[in-house]
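Bear in mind these aren't lab numbers, they're just calculated from the coordinates by the rules spelled out. What you see is a predicted model, and the numbers here were worked out from it, not measured in a lab. Every residue, glycine among them, receives a Cβ derived from its backbone with ideal geometry; neighbour counts consider all protein chains shown.
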Amino acid sequence: MSLPYVLLFLHITFFIGAITISYGPLLLVRLAYQTDEVANLRGLAVVHSRLGPFTFVMYMLGGIFGGLTAIAFGFDLLAPWLVIAYVAFAIVLFTGVTENRTWPLRVAEAVKRTPDGPLTSEIRELFMNRKTLTVLAIDIVWVFVIIFDMVIKPFS
């Protein structure tokens, strides 16, 4: 097995891991929210809030191995599809360390101090906040842009 393929494997593996850690717990938290019970939300929200640092590390390692992969395969580092990937990656990292990092922390704090029972208006607002939902939608779109870009390699 040659080095470029090992790097490609690590690049893909770390990104799959990052996406799984980013969106898997988020999906479970959103499903627990739909039960309208604080108890169902509490454990998942606390776990989700603790994953932020791991998610960042996984994305960064995916990016580092992606750069090393491009170099190992001899790709033009300014090829249009790679420039698209750099921009999309920067956007996903930015949303990840801002709103998408602070939201799970706010939810975890709110459910920790709320007794079992129906969700409070404070918790509902955290889930229905327009800014949070907009940033989440933008983040998901950019992840799809990255995947499309990596597979199709437009303008190359």
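Computed values, structure above
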item: For segment 75-115, the spread of Cα positions along each principal axis, largest first, Å; result: 56, 12, 9
item: Ranked list, fewest to most other Cβ atoms within 10 Å of each Cβ, for 69, 98; result: 98, 69
item: Prolate/oblate/rounded label for segment 24-107 (Cα gyration tensor, a/c 1.5); result: prolate
item: In degrees, nearest ten, helix 3-33 long axis to first principal axis of the chain (Cα); result: 20 degrees
item: Degrees, to the nearest 10: 80-97 long Cα axis against longest axis of the chain; result: 20 degrees
item: For the chain: rounded, prolate or oblate by the Cα gyration tensor [a/c cutoff 1.5]; result: prolate
item: Fewest-first sequence of 150, 60, 128 by Cβ atoms within 10 Å of each Cβ; result: 128, 60, 150
item: Whole-Hz ³J(HN,Hα) from phi, Karplus 6.51 cos²θ - 1.76 cosθ + 1.60, for segment 129-139, glycine and proline x; result: 4, 4, 4, 4, 5, 5, 5, 4, 4, 4, 4
item: Potential lengthening between residue 1 and residue 129 on full extension [0.36 nm per residue; Cα-Cα distance subtracted]; result: 41.2 nm
item: Under the Debye formula (equal points on every Cα, no solvent term), log10 I(q)/I(0) of segment 72-156 at q = 0.15, 0.19, 0.24 Å⁻¹; result: -0.66, -0.85, -1.10
